[in-house]
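So the structure is just underneath, and the comments pick up after that.
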Amino acid sequence: MTKRLLTLALAALPLLASAQQLTVSAATSLTDAFKVLAPRFEASRPGVSLRMNFAASGVLLQQIAQGAPVDVFASADQETMNRAAAQKLIATETRRDFAANALVLVTPPDSAVKSVADLALPGVRRIAVGKVASVPVGRYTQQALEAAQLWGALQAKLVFADNVRQVLDYVARGEADAGFVYRTDVELARDRLRVAQTVGGHAPVTYPAAAVADSRQPALARAFVDFLASEEAQAVLARHGFARP
């Protein structure tokens, strides 16, 4: 019996060895689209398992810098990916843009706010924005409000959130009078808020991805980055509201 069990165990080793796990750290706004893309990528590569990690782009960068075992990094802005490159945390030759988005101002359905300029009205007390240091949507928001010469004037009203979905929740639950999120997030709470304005005055909202320099699966990581640019992946991203970069 012992010999037979040993034989079976040895026979299983090739199967165990062939199993590959790929860890993808992606910006919070990519959550729904990437949850659809993951099984499609796995289906095209038997034995491959994807582990998804979603958070604000700056938080993900910090995790990678601290040695977290990540294979692919997908950011919601170029600045965070530039910082990753400067710290030599990504294989820069694998970097590519795969999606684009838009910044929008959202409010509760019955709000009198129609534009960014209305945020200065006395009735607007709390404005939800992403944390500028770690959340790309916060930096886009700062750029837009600075362009409108309102960033300084609105400081007392700003409520800072850990990621873009938290901004959305603050407005949807009525805990903020307005907030800045991506166009793709709106569908998650369409019945509880409205888009007051598509906001300009900021850098283009584009999403880059790259293989992490210390990836234990460098070829597979590169394959996933390339997959994001495929027609199949682009169709999924489009259904979730993303544009081509």
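The values are calculated or read from the model by the stated rules, or taken from the named source; none is laboratory data. Computed from a predicted model, the values in this text were never measured in an experiment. No Cβ is skipped: glycine too gets one built from the backbone with ideal geometry, and neighbour counts run over all protein chains shown.
Please give the number of the condition GLU187 fails out of (1) in contact with a strand residue (DSSP E or B) (Cβ under 9 Å, 6 or more places away or on another chain); (2) closer than 22 Å to LYS114 by Cβ.
(1)
Just one of PHE73, PHE54 is without any contact (Cβ under 8 Å) to a residue 40 or more places away in the chain and outside any loop (DSSP other than H, G, I, E, B); which is it?
PHE54
Among the candidates ARG126, ARG96, ARG139, which residue alone is among the charged types (D, E, K, R) and surrounded by 19 or more Cβ atoms within 10 Å (Cβ to Cβ)?
Working: ARG126 fails: surrounded by 19 or more Cβ atoms within 10 Å (Cβ to Cβ); ARG96 fails: surrounded by 19 or more Cβ atoms within 10 Å (Cβ to Cβ).
Unique residue meeting the criteria: ARG139.
Is there a residue in the stretch 169-181 that is touching a Leu at 6+ places or on another chain (Cβ under 9 Å) and under 18 Å from GLY58 (Cβ atoms)?
Checked the stretch 169-181: at least one residue is touching a Leu at 6+ places or on another chain (Cβ under 9 Å) and under 18 Å from GLY58 (Cβ atoms).
Would you mind stating whether ALA99 is assigned to a loop (DSSP other than H, G, I, E, B), closer than 23 Å to ALA243 by Cα, touching a residue at least 24 places away in the same chain (Cβ under 8 Å) and not basic (Lys, Arg)?
When the stated conditions are applied, ALA99 does not pass them.
Mind listing just one residue for me: the one in the stretch 104-114 that is within 21 Å of the chain's Cα centre (by Cα) and surrounded by 22 or more Cβ atoms within 10 Å (Cβ to Cβ) and, of those, farthest from TYR170 (Cα to Cα)?
The extreme case among them is LEU105.
Filter the stretch 80-91 for residues that are in a helix (DSSP H, G or I) and under 19 Å from the mean Cα position of the chain (by Cα); which is surrounded by the fewest Cβ atoms within 10 Å (Cβ to Cβ)?
Only one residue fits best here, namely ASN82.
Which residue out of VAL186, VAL181 is modelled with pLDDT of 95 or more and hydrophobic (A, V, I, L, M, F, W, C)? Give the derivation first.
Working: VAL186 fails: modelled with pLDDT of 95 or more.
Matching residue, one of VAL186, VAL181: VAL181.
Starting from the stretch 19-46, keep only residues that are under 18 Å from HIS240 (Cβ atoms), then list their pairs with residues that are in a helix (DSSP H, G or I) and basic (Lys, Arg) whose Cβ atoms are within a distance under 6 Å, requiring at least 6 positions of separation or different chains.
From residues that are under 18 Å from HIS240 (Cβ atoms), the pairs are THR28/ARG165.
Would you check if there is a residue in the stretch 115-129 being under 15 Å from the mean Cα position of the chain (by Cα), closer than 20 Å to LEU30 by Cβ and modelled with pLDDT of 95 or more? Spell out the reasoning first.
Applying the first criterion (under 15 Å from the mean Cα position of the chain (by Cα)) to the stretch 115-129 yields none.
Checking the stretch 115-129: not a single residue is under 15 Å from the mean Cα position of the chain (by Cα), closer than 20 Å to LEU30 by Cβ and modelled with pLDDT of 95 or more.
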